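What follows draws every value from the coordinates through simple rules; no lab data is involved. On a predicted model such as this, the values are computed, not experimentally measured, just so you know. All Cβ positions, glycine included, derive from the backbone under ideal geometry; neighbour counts span all protein chains shown.
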């Protein structure tokens, strides 16, 4: 059941793009940052490379068009985390992904939502944060994350580096902080996003990759 599909996920029907390569070894659910969605160019670039490495990807809008008009929703970590858990449940039921272990890939505020969604959830095999704000999940949720977590931050993103170090200290799961030298918050510098891809593929290869059940 490999291939690309545009579909809606759960209720209230979140627009999504599911892409399952042949013999997929897991499914990576993307949590975009504030004001972004399934068409995020950076996350689509990363997702394409992950598929080349053998991982299925689900890029979805965590809010409906109507919900996005209320700016409070964009920063509502509890709401966004609930949508990610809904997407995870959907993947368990959808035939093309039912046999695949799930991971979260969060960017910016989406990283906080991913951490909150993963708290006390043994089904999540791995988490990756790109330029993320895992601190937004709260110290209590961070301490309850069970999945091995990789935090990737640009070397010039000083404030976010500090916030990620604080989040790292609050966590109890296997975790690492990877700093990409010379990169800013959006990893727009030449080669920066490719370094993110390499780190992500290596992490998923350690903790997510396995033969489909």
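Does a label point 7 Å from the Cα of residue 166, set along Cα-to-beta-carbon, have any residues of the range 71-113 with amide nitrogen under 17 Å, and which are they?
77, 108-113
When DSSP assigns beta bridges and you keep just the ones with both residues in the chain, what percent turn out antiparallel, to the nearest 5? Don't skip to the answer; put the middle values down first.
On the way: 12 of 36 bridges.
Approximately 35 percent, going by the DSSP bridge assignments.
So if each residue of separation counts as 0.36 nm, and I subtract the Cα-Cα distance between residue 120 and residue 64, what length gain in nm does that give? Could the numbers behind the result be given before it?
Numbers: separation 56, 0.36 × 56 = 20.16 nm, distance 2.68 nm.
Using 0.36 nm per residue and subtracting the Cα-Cα distance, I get 17.5 nm.
From a point 7 Å beyond the Cα of residue 6 in the direction of its Cβ, which residues of the range 94-122 have a backbone N at a distance under 15 Å?
Answer for this model: none.
I need the shape label for the range 101-144. Rule: rounded when a/c is under 1.5, else prolate if a/b > b/c, else oblate, with a, b, c from the alpha carbon gyration tensor.
On the way: a/c = 2.59, a/b = 1.15, b/c = 2.26.
Because a/c hits 1.5 or more and a/b fails to exceed b/c, the range 101-144 counts as oblate.
Which residue fluctuates the most in the chain, going by a Gaussian network model with Cα springs under 10 Å, if the choices are 66, 48, 155?
Comparing 66, 48, 155 in the GNM, the peak value goes to 66.
If you average the C-alpha positions of the range 16-42 and of the range 96-161 separately, how far apart do those two centres end up, in angstrom?
Comparing the Cα centres of the range 16-42 and the range 96-161, I get a distance of 14 Å.
Determine the principal axes of the Cα atoms in the range 50-90, then give the extent along each, sorted from largest to smallest and rounded to whole angstroms.
37, 18, 15
Quick one: grab the alpha carbon gyration tensor of the range 76-118, order the square roots of its eigenvalues as a ≥ b ≥ c, and give me rounded if a/c is under 1.5, else prolate or oblate depending on whether a/b is larger than b/c. Write down the numbers at each step before the final one.
Numbers: a/c = 3.20, a/b = 1.99, b/c = 1.61.
The shape class here is prolate.
Per DSSP H run of at least 4 residues, take -39500 (n - 2.57); add these up for the chain, divide by its residues and hand me the 222 nm value, nearest 500 deg cm²/dmol.
Details: 8 runs with 82 residues, N = 213.
Using -39500 (n - 2.57) per qualifying helix, the result is -11500 deg cm²/dmol.
Quick one: if you stick a label point 7 Å off each Cα along the C-beta vector at residue 93 and residue 188, how many nm between them?
Inter-label distance under the simple model: 4.1 nm.
What percent of all Cα-Cα pairs in the chain falls in each 10 Å bin, counting up from 0?
Going from the shortest bin to the longest, the percentages are 9, 39, 39, 12, 0.
Could you tell me the ratio Rg/Rh of the range 78-171? Both radii from Cα atoms, Rh via Kirkwood.
Values: Rg = 13.1 Å, Rh = 13.2 Å.
Taking Rg over the Kirkwood Rh, I get 0.99.
Once all Cα-Cα distances of the range 21-124 are split into 5 Å bins that start at 0, what whole-number percent is in each one?
Spelled out bin by bin, the range 21-124 gives 3, 14, 24, 24, 20, 11, 4, 1, 0 percent.
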